[in-house]
1. For chain B, give the share of DSSP beta bridges that are antiparallel, in percent and rounded to the nearest 5; count only bridges with both residues there.
2. Ranked by Cβ crowding within 10 angstrom, fewest neighbours first, how are B:Tyr171, A:Tyr137, B:Tyr134 ordered?
3. Using the 7 Å Cα-to-Cβ label point, sort the distances from B:Asp157 to its equivalents in the other copies shortest first and give them in nm to one decimal.
4. At 7 Å along the Cα-to-beta-carbon direction for both A:Asn227 and B:Asn162, put a label point, then send me their distance in nm to one decimal.
5. Antiparallel DSSP bridges in the range B:157-227: what percent, to the nearest 5?
6. Which pairs, out of A:Lys153/B:Lys15; A:Lys81/B:Lys15; A:Lys153/B:Lys81; A:Lys153/B:Lys153; A:Lys153/B:Lys132; A:Lys15/B:Lys153, put more than 32 Å between their alpha-carbon atoms?
7. Report, for B:Phe16, each distance to the same residue's label point in the other copies, shortest first and in nm; define the point 7 Å along Cα→Cβ.
8. Kindly write out, for the range A:172-181 in residue order, the coupling ³J(HN,Hα) from the Karplus curve 6.51 cos²θ - 1.76 cosθ + 1.60 (θ = phi - 60°), rounded to whole Hz, with x marking Gly and Pro.
There are 2 protein chains.
Amino acid sequence: MLNAIGVIHSPFREKFGIPRQPGLAPSAVGEAVLVPPFDREEMLDGLGDFSHIWLVFLFHAAVACGWRARVRPPRLGGQEKVGVFASRSPHRPNHIGMSAARFLGVSRRAEGLALRVSGLDILDGSPLLDIKPYVPYSDRVTAATEGFAPTPKPALDVRMDNETDQFCRDYAGETGRNLRQLLVECLACDPRPASQRDEREFGMRLWDVNIRFRVRGRTAEALSCANITDRPADQSDS
Amino acid sequence: MLNAIGVIHSPFREKFGIPRQPGLAPSAVGEAVLVPPFDREEMLDGLGDFSHIWLVFLFHAAVACGWRARVRPPRLGGQEKVGVFASRSPHRPNHIGMSAARFLGVSRRAEGLALRVSGLDILDGSPLLDIKPYVPYSDRVTAATEGFAPTPKPALDVRMDNETDQFCRDYAGETGRNLRQLLVECLACDPRPASQRDEREFGMRLWDVNIRFRVRGRTAEALSCANITDRPADQSDS
């Protein structure tokens, strides 16, 4: 009954480091690629009038794990549990995710018709189930209250040494990808697991780059960047 | 792969008359009923902190018709076509719908665990696929522009004669349902098809009541109400 209509390409090749909601990393650019028979330009007629779109997708990396009745949302520090339906966790019945993303335009690719988007919080390779326009008068609920997920705290400061900075510049020159800005936005969100909020070193992957970083106080420090051999998106759920 | 986790009960027993987006009829109250094994209270722990929830559901009445590449949104007067992905039409690949609704509370029913909601724009009997909290800081996109679906025009004035008014009062006394207010909200949205915006008489169903109405100029007039024998939600797609 349910068919993928395409696939989402994002900088996030593994779960670790993905911003916990869309819009937190405006530089998280990617594409939602419609594949045949859904790759017809006419199916998008009029979408250019909207600034934002909903991407409805499958949390494919969580499917094999089934669902959980209760989960630990990162926003609650990873300790407290809430009901899965009170969360946006991937570990939900039917594993359907939805994210609002900025809609940048449409390009034809070999594999299909690509919608360029930014502000992604979606794992690379996620199957696309639907695209809808973001309709402000019904989707932007001004009366809605925040629950346990209030607007995020002020972000971390982010620092990097000259070598890392230079790596980012070279990478941008080669690929056109603004690695530096995305790195800053992702580190500012503090990707550390709630149970490991100490000064240890972490590795995080953006596109085909492995980044080492640590956090001290309110400052995240990018320690190094290194190209890694590209491989398919991490399908595990650890 | 996709399983209904429950069912949506709404006043809308047929497509005609359903407000074209959620929130237009605050009196459109109903329930999203989680059925076993998804009817565990713990799965909703923490949801009470949120004022609004997303209902993700199947446009079940449209499934048999498949999908269309282009559709005629009512907001464009029913004449102009747009791509299905630029619309919220039911006639879409995968037939997934989503609506933000006000969350009123939880009640145990014989069939399962019921989330009471208002502001519905969903056909009665729609299979429920997911429930998510409405998270203002990511779902309420302040930068989003309106596309071809700007805030609806000023509503129609609504009038009803004494007999109709009395029917609504009696009905409310018997059922607890605020038929009068829902009728006013639905007629104010002008349910007439774009191709039939004249003064002819129409019939519309809310719960088990058939309402006759007509529109003259900017005034909708409820002509009569009558109980009808309850029957399952209209599964056709005409």
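Coordinate-derived values only; no laboratory data. If you're wondering where the values come from, they're calculated on a predicted model, not measured in any experiment. In this analysis, Cβ positions are derived from the backbone assuming ideal geometry, glycine residues included, and neighbour counts consider all displayed protein chains.
1. 90 percent
2. Fewest-to-most ranking of B:Tyr171, A:Tyr137, B:Tyr134: A:Tyr137, B:Tyr171, B:Tyr134.
3. B:Asp157 label point versus its equivalents elsewhere: 6.4 nm.
4. 8.7 nm
5. Of the beta bridges lying entirely in the range B:157-227, close to 75 percent run antiparallel.
6. A:Lys153/B:Lys15; A:Lys81/B:Lys15; A:Lys153/B:Lys81; A:Lys153/B:Lys153; A:Lys15/B:Lys153
7. Taking the point 7 Å beyond Cα along Cα→Cβ, the inter-copy spacings are 6.0 nm.
8. These are the phi-based 3J(HN,Hα) values: 4, x, 7, 10, x, 8, 7, 4, 4, 5 Hz.
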